[in-house]
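Got a structure here, written out as structure tokens. Questions coming.
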Amino acid sequence: MKVKTIVFDFGGVLVDWNPKYLFEDLFEDKSKMDYFFKNVCNDAWNTEQDRGRSFSEGVNFLQKKYPEYYDYIQTYFDRWDEMMISDIPENVDALYQLSELYPLYGLTNWSAETLPLAYKRFPFFEKFIGVVVSGEEKLIKPDPQFFQVLLDRYELIAEESVFIDDNMANIQAADKLGFHTIHIHNKMNLIDELVKMEIL
């Protein structure tokens, strides 16, 4: 296997981000929190910010629809950085090892407004040569066009690149484009997988 480039997803791979880290302390009633994440600030709503919608537009939309959750919706944006509890140490360790051997790139579904908060907090981002952000491109994984932006902009070849992500739909999309892929999940160790694939 000929590998020249490593491409990382960020959330769930390098950054441990989860809104519940913040809201578990704000909701006394767990059932109300569950309702909030299922019906109000849910994945579909958050994805639109990742796709390029401004947080002000997204927040205003929900506050009008769910005025009883007005303050909680505002908090989702105002205290967004508190949802990043830490990096994911074992995967960041792998990143540093890989950075000594390969150029690193990022392909992330992330709001253009909030990603700078992660850049400021985690020094490992300095190791990336280039990053393609869904919120800037108005495209989002698993859309193959989003992968193509990365390949075209940095003149990469999918068949010579390893793509690392925690979302299976994104992995499957990368597979179809010819990437070598590694699916991050809680029953695997990234360094062990890289060694097995003879990448490290």
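Within the stretch 146-157, work out how many residues are of a type in the set (Val, Ile, Thr) and outside any helix (DSSP H, G or I).
1
While we're looking at this one, here's another question. Please state which one of Phe10, Phe61, Phe77 is closer than 27 Å to Phe122 by Cβ and either outside the structural domain of Asn189 (by TED's automatic domain parsing) or touching a helix residue (DSSP H, G or I) at 6+ places or on another chain (Cβ under 6 Å) (or both).
Phe77
A quick yes/no check of all residues on (1) in contact with a Phe, Trp or Tyr (Cβ under 7 Å, 6 or more places away or on another chain); (2) under 30 Å from Ile184 (Cα atoms):
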site	(1), (2)
Asp34	no, yes
Asp43	no, yes
Glu48	no, yes
Gly58	yes, yes
Glu68	no, no
Gln74	no, no
Trp80	no, yes
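Further question on the same structure: Within the stretch 28-49, which residues are in a loop (DSSP other than H, G, I, E, B) and either touching a strand residue (DSSP E or B) at 6+ places or on another chain (Cβ under 6 Å) or crowded, with 17+ Cβ neighbours inside 10 Å (or both)?
Cys41
Identify, from the list Lys127, Lys138, the residue that is under 30 Å from Trp45 (Cβ atoms) and basic (Lys, Arg).
Lys138
Every residue, every condition in (1) of a type outside the set (Val, Ile, Thr); (2) touching a helix residue (DSSP H, G or I) at 6+ places or on another chain (Cβ under 8 Å); (3) buried (at least 20 other Cβ atoms within 10 Å of the Cβ), yes or no:
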residue: Glu100; (1), (2), (3): yes, no, no
residue: Asn109; (1), (2), (3): yes, yes, yes
residue: Lys120; (1), (2), (3): yes, no, no
residue: Lys138; (1), (2), (3): yes, no, no
residue: Glu159; (1), (2), (3): yes, no, no
residue: Ile171; (1), (2), (3): no, no, yes
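Let me confirm something: among Gly52, Gly58, Gly106, which residue is under 20 Å from the mean Cα position of the chain (by Cα) and assigned to a strand (DSSP E or B)?
So the residue among Gly52, Gly58, Gly106 that is under 20 Å from the mean Cα position of the chain (by Cα) and assigned to a strand (DSSP E or B) is Gly106.
Next question. Would the stretch 158-175 turn up any residue that is more than 27 Å from Asp81 (Cβ to Cβ), out of contact with any strand residue (DSSP E or B) (no Cβ under 7 Å at 6 or more places or on another chain) and in a loop (DSSP other than H, G, I, E, B)?
No.
What are the pairs, 6+ residues apart or on separate chains, where a residue within the stretch 119-132 that is assigned by TED's automatic domain parsing to the domain that holds Thr108 has its Cβ under 6 Å from a residue that is of a type in the set (Asp, Glu)?
Here the result reads Phe122/Asp87, each pair linking the stretch 119-132 to a residue that is of a type in the set (Asp, Glu).
The values are calculated or read from the model by the stated rules, or taken from the named source; none is laboratory data. Since this is a predicted model, take the numbers as computed values, not measurements. For neighbour counting, all protein chains shown are included, and Cβ atoms are generated from backbone atoms with ideal geometry for every residue, glycine included.
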